[in-house]
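Heads up, the thing below is written out as C-alpha cells.
The values are calculated or read from the model by the stated rules, or taken from the named source; none is laboratory data. Predicted model, so just to flag it, every value in this text is computed and none were measured. Because the Cβ atoms are built from the backbone with ideal geometry, glycine has one as well, and the counts that use them run over all protein chains shown. Note: accessible area is taken over every heavy atom of the protein model, side chains too, but ligands, DNA and RNA are not part of it. Shrake-Rupley method; radii C 1.70, N 1.55, O 1.52, S 1.80 Å.
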Amino acid sequence: TPYFFNAGLFCDGASLRDLGRFYAQAFLASGVAADHLFGPAYKGITLAAATAIALAESGCNLPYSFNRKEAKDHGEGGSIVGHKLEGRVLIIDDVITDGASKRESVEMIRAHGAEPAAVLIALDRMERGGTDDNLSKHSAVEDFVRAYRIPVVSIATLADLMQVLGSSADPALHAHFDAVKKYRD
C-alpha cells in the first residue's frame, strides 16, 4: 500500500486531544448507544482514554478499560485494566486491517458478559479483506460487519483521503494522489 495511517504520530498533548475530540464527535454523531469504552492493546489504549476525556468534556462521562497482552497474577491481576467490562461496549482503535484485534476484542467483551455495541476507528482504509491468496469481494470493515453484525463507525475513509489529496493545493500532498488512486483502483 502506498499509504499508512500512523496513530502513533499523535504523540503530543494537543494532537492527541484533538484526535480524542474527533473520535468523540464521530461517536456522538453515529447514534450508537454505548455504556463503556474499550481500547484494545496497544494503540487502542491511548485512543480510548483520549476519547473518554473528550466525551466527558462534552457531558458524556463513560467508563473505559483496556486489555493487556498477557494477564497479570498480581496487583489488580487479570487481562482487563480499568472499569469492569459491562453493558454495551464501544471498541476504539485506529484502523481495521484484517480485523484480528477487533475479533479478539469482541470475544473478550462477550466472555466478560458485556455486549459489543460498535467499533470506532479513525480511518476506514477501504481495503479488501482476506489474504493475498484469497481476497474477499468486500472490504475488511464490511467483512467484519457481516461476520459480527456490529457497526463500524469511522472518522474518515480512504475516499475522504483521496478527495483531500486530489484537491490539495499543497504539491507535497497532491503528489501522492496518483499512487493512492492506482492502488485503490
Mean Cβ-within-10 Å packing, highest first, puts peptides 91-101, 116-126, 27-37 in the order 116-126, 91-101, 27-37
Of the candidates A140, L161, A175, the farthest towards the positive dipole end of segment 77-185 (Lys/Arg Cβ +1, Asp/Glu Cβ -1, centred on the Cα centre) is A140
Looking only at lysines whose Cα falls under 16 Å of K69's and that sit 8 or more positions away or on another chain, we get K43, K102
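Given the peptides 172-178, 44-50, arrange them by the average over their residues of other C-beta atoms within 10 Å, most packed first.
Those peptides, ordered most packed to least, come out 44-50, 172-178.
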Probe 1.4 Å, heavy atoms of protein chains only: per residue, the accessible area of the chain in Å² is 54 Å²
Cα-Cα pairs in the chain separated by more than 29 Å, as a whole percent of all pairs, come to 24 percent
For segment 32-40, in residue order, the Karplus 3J(HN,Hα) values (coefficients 6.51, -1.76, 1.60; θ = phi - 60°; whole Hz; Gly and Pro = x) are 5, 8, 9, 10, 7, 10, 9, x, x
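Can you check what the net charge comes to around G8, using other residues whose Cβ is under 11 Å from the Cβ of G8 (Lys, Arg +1; Asp, Glu -1)? List each step's numbers first, then the result.
Numbers: positive: K43; negative: D94.
In short, 0.
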Sequence order, segment 60-68: Karplus ³J(HN,Hα) from phi using 6.51 cos²θ - 1.76 cosθ + 1.60, θ = phi - 60°, Hz rounded, Gly and Pro as x, gives 10, 8, 10, x, 9, 8, 8, 10, 9
Residues meeting the amide H criterion for H138 (H placed from the backbone, H to H distance under 5 Å, 5 or more places apart or on another chain) are G129
Rounded to the nearest 5, the percent of DSSP beta bridges in the chain running antiparallel is 30 percent
